[in-house]
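First the structure, in the form of structure tokens, and then the observations on it.
The values are calculated or read from the model by the stated rules, or taken from the named source; none is laboratory data. The shown structure was predicted, so the numbers you read here are calculated from the model rather than taken from an experiment. Don't worry about glycine lacking a Cβ; one is built from the backbone with ideal geometry, like all the others, and counts go over all protein chains shown. Calculation scope for accessible area: heavy atoms of the full protein, side chains included, ligands and nucleic acids excluded. Shrake-Rupley method; radii C 1.70, N 1.55, O 1.52, S 1.80 Å.
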Amino acid sequence: MGYESMWESGAPEVAADLRPEIPHPARMYDYYLGGKDNFPADRAAAEKALAANPEFRATARANRGFLTRAVGCVAGLGIDQYLDIGTGIPTAGNTHEIAQAADPAARVVYVDNDPIVLSHARALMAGAGPGRTTVLQADLRDPAAVLDAVRAEGLLDFSRPVGLVLAAVLHFLRDEDEPYRAVATLLAALPSGSHLVLSHGTADFIPAAVRDRVTGVYDRATAPLVGRSREQVRAFFDGLELLDPGVVTVPLWRPGAAPAPGAERVSMYGAVARKP
Ligand SMILES: C[S@@+](CC[C@H](N)C(=O)[O-])C[C@H]1O[C@@H](n2cnc3c(N)ncnc32)[C@H](O)[C@@H]1O
């Protein structure tokens, strides 16, 4: 099934201020993954990040693998509605594809603050009829506004468990953006039995000089890159029940096959947890 038949046709119009001259993390990530939805400034910045840390591309792919396995796990537990914030430019194995492969009636609301993500969704939605997947423009730094927008759109039933997906997005929030408060606010709106799927970049395994070069690249992009330690990532799950194996580097989260050498030093942690 193509995207055209899956994306909700009623997403709000937004001015697509793509600012191609400024690197955008969504487009840099698209470039790491081998996508074509990026501009020269994005590619130049991504190449600088790759020059500082050649593992970036493998880390992005490992994160996508985690997303697939983690959403598949949550779908297998019977969750049939998802709020995925920090959607990214559509690529292979998006949340709605995983969720709707498990349950064709599953509903997915995507949220991103980057107009290019909205722009792609609009293009994909051209000619679409009513669907079970929609995309909204909102900012994770204002979680109350995210929840208002999602409620107004009416696709999710907040009286039933929801899969909250925050994959590779919280590292774009500085401490002063209050990322822990954002996650707590979102979780507070969800009922018992909801699940959190979260992945987050880390500098735990790279020398400080490499970290500084990479963060320097993102400081000139539209969002900074804030690596957090394993303990700091674990703190996002406070009050939740972590599913096995807890907070691990993303390739080590329930790998389908033997992980590649060095999997324990990939610069992204991930975990899944249940709200009691
Ligand atoms: C690295 S991509 C991750 C895409 C996908 N979740 C994945 O894990 O493959 C991060 C996405 O988060 C979005 N993003 C960054 N800061 C955000 C914010 N404050 N609010 C909403 N989305 C944000 C970016 O625009 C980008 O699309």
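From R213, R228, R274, which residue is open to solvent by less than 70 Å² (accessible area, probe 1.4 Å) and basic (K, R)?
Values: R213 fails: open to solvent by less than 70 Å² (accessible area, probe 1.4 Å); R274 fails: open to solvent by less than 70 Å² (accessible area, probe 1.4 Å).
Testing whether each residue is open to solvent by less than 70 Å² (accessible area, probe 1.4 Å) and basic (K, R) leaves just R228.
Of the residues screened, D30 is not one that is within 12 Å of the ligand (Cβ to nearest atom), acidic (D, E) and not in a helix (DSSP H, G or I).
Residue-by-condition table, conditions (1) within 18 Å of the chain's Cα centre (by Cα); (2) polar (S, T, N, Q); (3) near the ligand (Cβ under 8 Å from one of its atoms); (4) at pLDDT 95 or above:
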{"residue": "R132", "(1), (2), (3), (4)": "no, no, no, no"}
{"residue": "A138", "(1), (2), (3), (4)": "yes, no, yes, yes"}
{"residue": "D148", "(1), (2), (3), (4)": "no, no, no, yes"}
{"residue": "G154", "(1), (2), (3), (4)": "no, no, no, no"}
{"residue": "V162", "(1), (2), (3), (4)": "yes, no, no, yes"}
{"residue": "L173", "(1), (2), (3), (4)": "yes, no, yes, yes"}
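Output the residues belonging to segment 230-276 that are of a type in the set (G, A, S), on the phi < 0 side of the Ramachandran plot and at pLDDT 95 or above. First the steps, then the outcome.
Initial filter on segment 230-276 (of a type in the set (G, A, S)): 235, 239, 246, 256-258, 260, 262-263, 267, 270-271, 273.
If we keep only those that are on the phi < 0 side of the Ramachandran plot as well, we get 235, 256-258, 260, 263, 267, 270-271, 273.
Matches in segment 230-276: A235, A263, S267, G270, A271, A273.
For the structure I just gave you, tell me whether I22 is within 10 Å of the ligand (Cβ to nearest atom), open to solvent by less than 50 Å² (accessible area, probe 1.4 Å) and either among the acidic types (D, E) or modelled with pLDDT of 90 or more (or both). Here the answer is no, as I22 does not meet what is asked. Note on segment 252-276: residues that are closer than 13 Å to G201 by Cα and assigned to a helix (DSSP H, G or I) total 1.
Looking only at segment 67-115, residues that are on the phi > 0 side of the Ramachandran plot and within 10 Å of the ligand (Cβ to nearest atom) come to 3 in all.
Got a number for residues in segment 31-63 being under 26 Å from A257 (Cβ atoms), open to solvent by less than 30 Å² (accessible area, probe 1.4 Å) and out of contact with any Lys or Arg (no Cβ under 8 Å at 6 or more places or on another chain)? Break it down into steps so the answer makes sense when it comes.
First, the residues of segment 31-63 that are under 26 Å from A257 (Cβ atoms): 32-35, 50, 53-63.
Filter once more, so that each one left must be open to solvent by less than 30 Å² (accessible area, probe 1.4 Å): 32, 35, 50, 53, 59-60, 62-63.
Remaining after also requiring out of contact with any Lys or Arg (no Cβ under 8 Å at 6 or more places or on another chain): 35, 59-60, 62-63.
Residues that pass the stated criteria total 5.
Are any residues in segment 101-127 basic (K, R) and at pLDDT 85 or above, and if so, which ones? R107, the sole residue that qualifies. Those helices (runs of 4 or more DSSP H) of segment 96-205 in which 3 or more residues are more than 22 Å from P25 (Cα to Cα) occupy 143-153, 179-188. Beta carbons closer than 9 Å, at least 6 apart along the sequence or on distinct chains, pair a first residue in segment 166-182 that is on the phi > 0 side of the Ramachandran plot with a second that is polar (S, T, N, Q) and open to solvent by less than 10 Å² (accessible area, probe 1.4 Å) for A168/N63; A168/S199.
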